[in-house]
Amino acid sequence: MIALTDFLPEASEPNAEYIRLKCLYDCYKDDKNTLFWSQNGGEAYLSLAGGDMTVFCGNGDLEEIKEFISVISPRSIFGSIKVLKKLGFQDIHSAVVMSRQADVLGETIGDNLNSRQIYDILKVKEFSLPEYPYFAVDLCRRINHGTADYFAVKDKCAAVSFHTGNYALLNGIVSREKGLGTVALKAILQKNYGRELLICCEEKLMGFYEKNGFKKLYKAGYSCKQA
C-alpha cells in the first residue's frame with residue numbers, strides 16, 4: 001500500500017533516484033506543498049514537488065505504483081530506465097548515472113554570485129532548468145539549510161550540488177569557457193569531500209566524467225507529460 005510518509009531513512013547505496021528524494025526531503029519535509037510517499041514500509045518511495053515526481057523502487061509493487069502515478073498525473077517523472085519502462089513509459093530521455101568518491105583535498109576559490117547570475121550561466125539549450133523564480137527559491141532554501149553547494153566563475157562556469165549523509169548529487173554543471181568544466185567539477189568534489197558524488201549525464205558526456213574518475217553505475221531517465 002502507498003501512503004504518505006514523514007520519514008525517509010538515510011541513503012545506504014549510490015542510487016540517484018533515492019538520493020534525489022532524500023535531498024528533497026531533508027529540505028522540504030515540513031513543506032505542505034511537497035509530498036512524500038512510501039510503499040509497504042519502504043519497498044518504494046515517491047516524491048512530488050511542483051508537479052515533478054521522483055520514483056525509487058526497490059522491491060515495490062509496480063502495478064500499484066503505475067496506477068498511483070496515473071491518478072497523480074505528474075508533469076514529469078524521474079527514475080531508473082528499468083523502472084520507467086516497467087511502468088509503461090516509452091518517451092524517456094535517458095541519462096547515465098556515474099559516481100566517484102569525492103576525495104579531492106583543498107579549495108578552489110570561485111566568485112560569490114547571486115542566484116540570477118548562477119541561473120544565467122546554467123541556462124543553455126543542452127541543460128533543462130525550471131523557471132527562474134522556482135530555481136532561485138529552491139537553491140537559496142537548500143543553501144540556507146546547508147544541503148547545497150555551488151562553485152561559479154562569473155559569466156564563465158557554474159556547478160551546483162545537493163547532498164545528504166554520505167552522498168551528493170551534481171545537480172548541474174555548465175562551462176562557457178574551455179577547461180573550466182574540469183575546474184568546476186574539481187571544486188564540487190572538494191566541497192563534498194568524504195562523500196560519494198553521483199552525476200546523471202548524457203552518453204556523449206561520459207568521456208569527460210570518466211577522465212575525471214567517474215564510473216558508470218546504471219541508466220536513469222525522465223519522462224515528461226505530452227502537452
How many residues of region 177-227 are outside any strand (DSSP E or B), open to solvent by 70 Å² or more (accessible area, probe 1.4 Å) and aromatic (F, W, Y)? The answer is 1
Note on L21: of the conditions (1) free of Cβ contacts under 8 Å to residues at least 60 places away in the same chain; (2) surrounded by fewer than 17 Cβ atoms within 10 Å (Cβ to Cβ); (3) not in a loop (DSSP other than H, G, I, E, B), unmet is (2)
Filtering region 53-107 for residues that are buried (at least 17 other Cβ atoms within 10 Å of the Cβ) and in a strand (DSSP E or B) leaves a count of 15
Within region 115-138, the count of residues that are over 22 Å from G179 (Cβ atoms), open to solvent by 50 Å² or more (accessible area, probe 1.4 Å) and polar (S, T, N, Q) comes to 1
Within region 139-176, of all residues that are assigned to a helix (DSSP H, G or I) and open to solvent by less than 20 Å² (accessible area, probe 1.4 Å), the one nearest to L113 (Cα to Cα) is L139
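The values are calculated or read from the model by the stated rules, or taken from the named source; none is laboratory data. Predicted model, so just to flag it, every value in this text is computed and none were measured. Methodologically, a virtual Cβ is constructed for each residue, glycine included, from the backbone with ideal geometry; neighbour enumeration extends over all protein chains shown. SASA here: full protein model, heavy atoms, side chains in, ligands and nucleic acids out. Shrake-Rupley method; radii C 1.70, N 1.55, O 1.52, S 1.80 Å.
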